[in-house]
1. Can you tell me how many residues within the stretch A:197-213 are in contact with a strand residue (DSSP E or B) (Cβ under 6 Å, 6 or more places away or on another chain) and surrounded by 20 or more Cβ atoms within 10 Å (Cβ to Cβ)?
2. Of all residues in the stretch A:175-191 being closer than 16 Å to A:Gly126 by Cβ and more than 9 Å from ligand 2 (Cβ to nearest atom), which is surrounded by the most Cβ atoms within 10 Å (Cβ to Cβ)?
3. Select from the stretch A:157-174 the residues that are surrounded by fewer than 21 Cβ atoms within 10 Å (Cβ to Cβ) and not in a strand (DSSP E or B) and write down the one among them that is farthest from ligand 1 (Cβ to nearest atom).
4. Under 8 Å between Cβ atoms, which residue pairs at least 6 apart in sequence (or on different chains) link something in the stretch A:17-28 that is more than 11 Å from A:Asn2 (Cβ to Cβ) with a partner that is away from ligand 1 (no atom under 12 Å from the Cβ)?
5. Looking at the structure I just gave you, is A:Gly160 at positive phi, more than 15 Å from the chain's Cα centre (by Cα) and small (Gly, Ala, Ser)?
6. Would you check which residues across the stretch A:111-151 are in a helix (DSSP H, G or I), within 14 Å of ligand 2 (Cβ to nearest atom) and either surrounded by 14 or more Cβ atoms within 10 Å (Cβ to Cβ) or among the hydrophobic types (A, V, I, L, M, F, W, C) (or both) and list them?
7. What are the residues in the stretch B:100-127 that are open to solvent by 60 Å² or more (accessible area, probe 1.4 Å) and either more than 8 Å from every other protein chain (Cβ to nearest Cβ) or at pLDDT 90 or above (or both), if any?
Amino acid sequence: MNCLEFRRTIAALPRALDNAARSHREACPRCAEAHARALVFEGSLDRALAVPVPAQLADQILLHQITAERSQRLGRGHQLWRMAAGFTIGMGMATVGWLALAPSESMAAMSVAHLVEEPMAMASHGAVSMDEVQAIFARLNTRLPRSPGPIAYIRFCVIGGHNTAHMVMQRPSGAVTVIFAPGVVAAAHSFNDAGLRGRELAVANGSLVLLSANDTEFDAIAVAFNQAFDTTVLHRNSAAI
Amino acid sequence: MKAKPLRPGLLATMNPKQSQFDALVRATSAELYRFGYWLCGNEALAHDLVQETYLRAWRSMDDLRDTKAAKAWLVTILRREHARLYERKGPTSFEQIDDLEIADFDGLSPDQAGEDSVVRRAIAALDAKYREPLLLQVLGGLTCEEIASQLGSTPAAVMTQLFRARQKLKAALGGTGEEAKVYELS
Ligand SMILES: [Zn+2]
Ligand SMILES: [Zn+2]
């Protein structure tokens, strides 16, 4: 390789010299200098291209993928509670931790994802005592002085990194899943996810997510929970229901 | 709300495809975002573009046989998504280039910081036919041959574009560049 060929090479490919270029550089001090200058320029090129990357970019990409994957699966007409729990295990686990950073609508999304992990919950027709309910709420550092109505199922569940009370209420229109997550700030919103109705609202010190095949009982349940937490909370939140 | 670290016990139960994807996203998304940013010149568009790219990647994970080829594979998907989503909207303008902060400012002298913004503006001003091969080489880590196959070009043509791209950037920095002069003699 001669000097001209070497300069031509480093002008386009300064970072990965082949053997011929490397031996020319060893033998030719002027070309070695030129290569050193080229590498300094590559350094400024690297710095210039290194624009800031959004915080939590990887988490947002994964959330996007998991959410899209879930709605695609639901869109195939499966009934949520009949879906095999298998695929959702990875889905739920992937989100532990990083969803704590995501906006509050994620709590609703994660609650939907969480449902399929406990497919038996919605079929439960038990009668949970108020003591058991209050014991779970005590673990969430939340007072629930009054009963929100008959509860068929309750479990302490961690959803997207949040401690929650996962409940099921059997109502005339069917099973309604109720998930209470203290410390989650939610703007009230309703959603319809492939036939599954949902609503999220702010109650007491957290967020309440309601999920069911239809939303006819949502208003009543929201009011019941507001009253169960505290009458002053009812007043503040009733407008948002 | 505060971030909580992933629990290793739970992570271990993630299905293999999801955990492979998770690792891929964490290893490659920053560079792919930067590639997207320099392709479309807008932070919000780049963010969407990268999200869509990984969603496509997830859906065709089975096509990825060799993890060493992951970067070139992702770049291919991103370029296709870019063409599909934005190219018909016409050429991109780099409106936000002056507002960009330097990602790793620590340890940079004011001279270097000033130089970076000059280079940055010069990159934004490059013709797409010069910018794209340069991005594929520097951010994508692709070889001349790989760039040529991405762009439907020849390695020799790519060599010339890579050279011209650097020449233009060096000129923007004020130096004509000895290498450039030597090359011009040929
Ligand atoms: Zn020489
Ligand atoms: Zn649960």
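1. Going residue by residue through the stretch A:197-213, those that are in contact with a strand residue (DSSP E or B) (Cβ under 6 Å, 6 or more places away or on another chain) are A:197-201, A:205-213.
With the extra rule that they be surrounded by 20 or more Cβ atoms within 10 Å (Cβ to Cβ), the set shrinks to A:198-201, A:206-212.
Matching residues across the stretch A:197-213 total 11.
2. A:Val178
3. Filtering the stretch A:157-174 for residues that are surrounded by fewer than 21 Cβ atoms within 10 Å (Cβ to Cβ) and not in a strand (DSSP E or B), the one farthest from ligand 1 (Cβ to nearest atom) comes out as A:Pro172.
4. Listed by first residue and then by second, the contacts come to A:Arg25/A:Leu17.
5. Numbers: at positive phi: yes; more than 15 Å from the chain's Cα centre (by Cα): no; small (Gly, Ala, Ser): yes.
No: the conditions fail for A:Gly160.
6. We begin by selecting, within the stretch A:111-151, every residue in a helix (DSSP H, G or I); these are A:111-115, A:121-123, A:130-139.
Now narrow it down to the ones that are within 14 Å of ligand 2 (Cβ to nearest atom): A:111-115, A:121-123, A:136, A:139.
Across the stretch A:111-151, the qualifying residues are A:Ser111, A:Val112, A:Ala113, A:His114, A:Leu115, A:Ala121, A:Met122, A:Ala123, A:Ile136.
7. B:Phe105, B:Asp106, B:Gly107, B:Pro110, B:Asp111, B:Arg121, B:Ala125, B:Asp127
Conditions tested, residue by residue: (1) assigned to a helix (DSSP H, G or I); (2) open to solvent by less than 20 Å² (accessible area, probe 1.4 Å).
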site: A:Phe6; (1), (2): yes, yes
site: A:Ala16; (1), (2): no, no
site: A:Arg22; (1), (2): yes, no
site: A:Gly43; (1), (2): yes, no
site: A:Ile66; (1), (2): yes, yes
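The values are calculated or read from the model by the stated rules, or taken from the named source; none is laboratory data. What you see is a predicted model; the values in this text were computed from it and never measured. Note: ideal-geometry Cβ built from the backbone for every residue, glycine included; neighbour counts use all protein chains shown. The area values use the complete protein model at the heavy-atom level, side chains included, leaving out ligands, DNA and RNA. Shrake-Rupley method; radii C 1.70, N 1.55, O 1.52, S 1.80 Å.
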